[in-house]
Amino acid sequence: GALPRARSANDSEWPHGSRHYQGLTMTPLFVYGTLKRGYRNHRLIEDQTFISEVSTEPVYRLYDNGHYPCLVADESSGLAIQGELYLIEERLFRHLDRLEGVPDLYLRETVLLQHEEYHRATGYVYIQDVSAFVECGPCWV
C-alpha cells in the first residue's frame, strides 16, 4: 500500500514530500542519469524502493556534458524529462550529494512531476553554464 504522509504542523519542513515509514524518513527522488537502472551509479540506490518510471512537468531541459546529464530549469520552453522515481532513505543524501558535486555542480531541489501520487520529488539540478553542452531532448541515454 501507499506509505503514509508525514505529519507536520508546518508542511514546509517536508519540501519534497518526505514520509516516515518504519522509523525512517523516506524521500521521493527523481533520477534521470547515472543513478537509473542499468547505469554506472545505480548501485548507490539499488536497495531503495523503486516507485515507477516518470516524467517531469515540461519545465526543464536536459543536456549532456559528455559524461553525465545536466537537468536545468526552463519554464518558457521546457520539456517533460523522463526518469525514474524512488523512495530513498534520508541518510543516503550524504553520499548522493558527494557524487553529484553539491553545491558546486548541482543543487538538490524540488522537481515537479507528472505522477498520480507524487507531484514533486527531490532532484539534482545543474547550476553551471550548459551553453557548450549538447541538448539531449527528453531522455539521456
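Taking K and R as +1 and D and E as -1, what net charge do the other residues with C-beta under 13 Å from the C-beta of VAL134 add up to?
Working: positive: ARG61; negative: ASP64, GLU135.
Residues near VAL134 contribute -1 overall.
Tabulate in residue order the Karplus-calculated ³J(HN,Hα) for segment 97-114, using 6.51 cos²θ - 1.76 cosθ + 1.60 with θ = phi - 60°, rounded to whole Hz; enter x for Gly and Pro.
Each residue's phi maps through the Karplus curve to give 4, 5, 4, 7, x, 6, x, 7, 9, 10, 10, 7, 9, 6, 10, 8, 10, 9 Hz.
Build a GNM of the chain with springs between Cα atoms under 10 Å: which of LEU92, LEU113, LEU35 gets the top mean-square fluctuation?
Maximum fluctuation in the GNM of the chain, among the listed residues, is at LEU92.
Taking the full set of protein chains and a 1.4 angstrom probe, give the accessible area of ARG40 in square angstrom, rounded to the nearest 10.
Spelled out: ARG40, probe radius 1.4 Å, area about 140 Å².
Mark the label point 7 Å from the Cα of GLU135 along Cα→Cβ and return the residues of segment 29-61 whose backbone N is within less than 12 Å of it.
Taking a point 7 Å out along Cα→Cβ of GLU135, the residues of segment 29-61 whose backbone N falls under 12 Å are 60-61.
Calculate the spin-label point distance for SER52 paired with GLN128, positioning each point 7 Å from the Cα along the beta-carbon direction, and give it in nanometres.
Label-label distance for GLN128 and SER52, simple model: 3.5 nm.
Between ALA73 and ASP104, what length comes free when the chain is fully extended (0.36 nm per residue of separation minus the Cα-Cα distance, one decimal in nm)? Could the numbers behind the result be given before it?
Numbers: separation 31, 0.36 × 31 = 11.16 nm, distance 1.67 nm.
Roughly 9.5 nm would be gained on extension.
Explain nothing, just compute: Karplus ³J(HN,Hα) = 6.51 cos²θ - 1.76 cosθ + 1.60, θ = phi - 60°, for every residue of segment 30-37 in order, whole Hz, x for Gly and Pro.
Calculated HN-Hα couplings, in order: 9, 10, 9, x, 5, 8, 5, 4 Hz.
Can you work out ³J(HN,Hα) from phi for every residue in segment 51-63, in order, using Karplus 6.51 cos²θ - 1.76 cosθ + 1.60 and θ = phi - 60°, giving whole Hz and x for Gly and Pro?
For segment 51-63, the Karplus-derived couplings read 9, 5, 6, 7, 10, 6, 5, x, 10, 9, 10, 10, 10 Hz, x marking Gly and Pro.
For SER18, which sequence-distant residues (separation of 5 or more, or a different chain) have an amide H within less than 5 Å of its own amide H, given hydrogens modelled in the peptide plane?
It is none; the list stays empty.
Taking the radius of gyration and the Kirkwood hydrodynamic radius from Cα positions alone, what is the Rg/Rh ratio for the chain, to two decimal places? Display every interim value, and only then the final one.
Values: Rg = 14.6 Å, Rh = 15.4 Å.
Over the Cα atoms of the chain, Rg/Rh equals 0.95.
Using a 10 angstrom cutoff on alpha carbons, build the Gaussian network for the chain and name the most mobile of ASP47, ASP74, ASP64.
Answer for the Gaussian network model of the chain: ASP47.
So what's the net charge close to GLY83: Lys and Arg +1, Asp and Glu -1, counting the other residues with Cβ under 10 Å from its Cβ? All intermediate terms of the calculation are to be shown ahead of the outcome.
Details: positive: LYS36; negative: GLU53, GLU84.
The answer is -1.
Name the long-range amide H neighbours of CYS136: under 5 Å, sequence gap of 5 or more, or other chain; modelled H, no Pro or chain starts.
It is LEU62, TYR63, ASP64, by chain and number.
Quick one: among GLY101, GLY83, GLY23, which has the greatest mean-square fluctuation in a GNM of the chain with alpha-carbon springs under 10 angstrom?
GLY23
By accessible area of protein heavy atoms, probe 1.4 Å, what ranking do ARG98, ARG91, ARG37 get, highest first?
Numbers: ARG98 160, ARG91 130, ARG37 105 Å².
Largest accessible area first, the list is ARG98, ARG91, ARG37.
The values are calculated or read from the model by the stated rules, or taken from the named source; none is laboratory data. Since this is a predicted model, take the numbers as computed values, not measurements. Virtual Cβ from ideal backbone geometry, glycine too; neighbours counted across all protein chains shown. Areas reflect the complete protein model, heavy atoms only, side chains present, ligands, DNA and RNA absent. Shrake-Rupley method; radii C 1.70, N 1.55, O 1.52, S 1.80 Å.
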